[in-house]
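Below you'll find the structure, written out as structure tokens, and then a few comments.
The values are calculated or read from the model by the stated rules, or taken from the named source; none is laboratory data. Please read these numbers as outputs of a predicted model, since none were measured by experiment. Heads up, the Cβs are rebuilt from the backbone with ideal geometry, glycines too, and the neighbour counts pull from every protein chain shown. For accessibility, only protein heavy atoms count, side chains too; no ligands or nucleic acids. Shrake-Rupley method; radii C 1.70, N 1.55, O 1.52, S 1.80 Å.
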Amino acid sequence: MSEPSLLASRLTPEGDGVVIVDQTKLPGEVTYLTLTGLEEMVEAIRALRVRGAPAIGVFAGYCMYVLARPLAARFPEREAFLNALEETGHVLAQARPTAVNLPWAVERMLRRARQGERPEEILPTLRGECQAIFQEDVEMCLAISRHGLSLLKPGDGVLTHCNAGPLATSRYGTGQGPFHLAAELGFPLHVYADETRPLLQGARLTAFELQRAGVDVTLVCDNMASTLMAQGKIQAVFVGCDRVAANGDVANKIGTSGVAILANYYHIPFYVLGPSSTIDMDCPDGAHIPIEERDGEEIRSLFYRGPMAPEGVKCYNPAFDVTPHELITAIITEHGPRFLGKKA
Ligand code: MRU
């Protein structure tokens, strides 16, 4: 039975805080947090309480509005207000490095603020702007989901990696949006969700969301993709993206490039789905995408009852990797698929 998807973030009705679902507690607990200050907002992004490229863009838009309100009261003069808001935006935009949607949304809010005259007049336009970012994301996810689904046949098996569903975006999702749309339309698919080591976004979030939506989802370990492909169970791979460079190289959750290499070997189409806000034309290629490196404790012990590695062992924990454009069949935005070099 399908249940409504959880919204990653929203404004409080008074506009004085941002309510998030704490994604670190899923799937066991659905816990809501109301955030009102810059420090806790940055912490929420770093700790992955709110995560997924488009979702942190939407969240950042709401945060900028919420944080602008006390600044407008403190700095009634335009220049002082704009300077303080820019400083705030700078801190927020630095919370995580890889997803381009975060600095994109902050800059969009700052641009809107600079168009206004007096701080008290700027505030309502900022509220409208963050709501527009959310609304546009909902519409883009729907368009992306339709384009993605048009590439599948009823009964297909599709492999996905990480979480690129409603919790990572707004409503349907990107990499997993077509599956949610398919469930609504009664279009049968078999979805295989990689557990996605080390933070298990696939197991904790994708499997949770797809099961709630009534999708036929099977959870697999990351190292099982090759076996599924060899068995002929996978007709396509769908993933989201954190940043697309100008040459088509794509940064997404660590492990994505390995799946692309396997898909290439087995002649399976590999699709990247994301809103056009994820394309960074200022970034020439994947080598220029900053890759976040996270705490080794996530590998040593985080999801185990006790540590699973020797104490103090050196860990390397990059959060994302880059898939070269040659391995990508098409990048699907709200405007439709753009086919790249890869032959099926
Ligand atoms: O570290 P995360 O959980 O923020 O990583 C998320 C991903 O890599 C997603 O696949 C990507 O952001 C696309 S979300 C629509």
Seminar exercise, completed: When restricted to L102, L92, the only residue of a type outside the set (S, T, N, Q), within 16 Å of the chain's Cα centre (by Cα) and closer than 20 Å to R10 by Cβ is L102
For this session: Within segment 255-264, identify whether any single residue is touching a residue at least 40 places away in the same chain (Cβ under 8 Å), within 11 Å of the ligand (Cβ to nearest atom) and touching a Lys or Arg at 6+ places or on another chain (Cβ under 9 Å), and answer yes or no.
Result: yes
For this session: Say whether the condition of being open to solvent by less than 10 Å² (accessible area, probe 1.4 Å), closer than 29 Å to V239 by Cα and part of a helix (DSSP H, G or I) is met by at least one residue in segment 12-23.
Result: yes
Exercise. Looking only at residues in segment 301-335 that are over 15 Å from D285 (Cα atoms) and of a type in the set (D, E), which one is farthest from the ligand (Cβ to nearest atom)?
Worked result: E311
For this session: Kindly indicate whether any position in segment 42-52 is assigned by TED's automatic domain parsing to the domain that holds C130, more than 14 Å from C130 (Cβ to Cβ), at pLDDT below 95 and open to solvent by 20 Å² or more (accessible area, probe 1.4 Å).
Result: no
Seminar exercise, completed: Residue pairs within 6 Å by beta carbon, gap of at least six or interchain, first lying in segment 33-58 and hydroxyl-bearing (S, T, Y), second modelled with pLDDT of 95 or more, listed first then second, are T34/G17; T34/V19; T36/G17
Exercise. When A143 is evaluated against the numbered criteria (1) aliphatic (A, V, I, L, M); (2) open to solvent by less than 30 Å² (accessible area, probe 1.4 Å); (3) more than 15 Å from the ligand (Cβ to nearest atom), which criterion, by number, is the only one it fails?
Worked result: (3)
For this session: Please report, ordered by residue number, the strands (runs of 3 or more DSSP E) entirely within segment 211-252 with at least 2 residues that are within 16 Å of the ligand (Cβ to nearest atom), touching a Pro at 6+ places or on another chain (Cβ under 8 Å) and at pLDDT 95 or above.
Result: 236-239
Seminar exercise, completed: Every listed condition ((1) assigned to a helix (DSSP H, G or I); (2) away from the ligand (no atom under 15 Å from the Cβ); (3) without any contact (Cβ under 8 Å) to a residue 60 or more places away in the chain) holds for P76 save (1)
Exercise. Which ones in segment 215-226 are more than 16 Å from V158 (Cβ to Cβ) and open to solvent by 50 Å² or more (accessible area, probe 1.4 Å)?
Worked result: N223
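Okay, residues lined up against (1) hydrophobic (A, V, I, L, M, F, W, C); (2) within 15 Å of the ligand (Cβ to nearest atom):
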{"residue": "P97", "(1), (2)": "no, yes"}
{"residue": "N101", "(1), (2)": "no, yes"}
{"residue": "R112", "(1), (2)": "no, no"}
{"residue": "E117", "(1), (2)": "no, no"}
{"residue": "T125", "(1), (2)": "no, no"}
{"residue": "C130", "(1), (2)": "yes, no"}
{"residue": "C162", "(1), (2)": "yes, yes"}
{"residue": "Y172", "(1), (2)": "no, yes"}
{"residue": "G175", "(1), (2)": "no, yes"}
Problem set entry | Single residue of segment 290-307 satisfying the filter (of a type in the set (K, R) and at pLDDT below 95) that is most open to solvent (accessible area, probe 1.4 Å) | R305
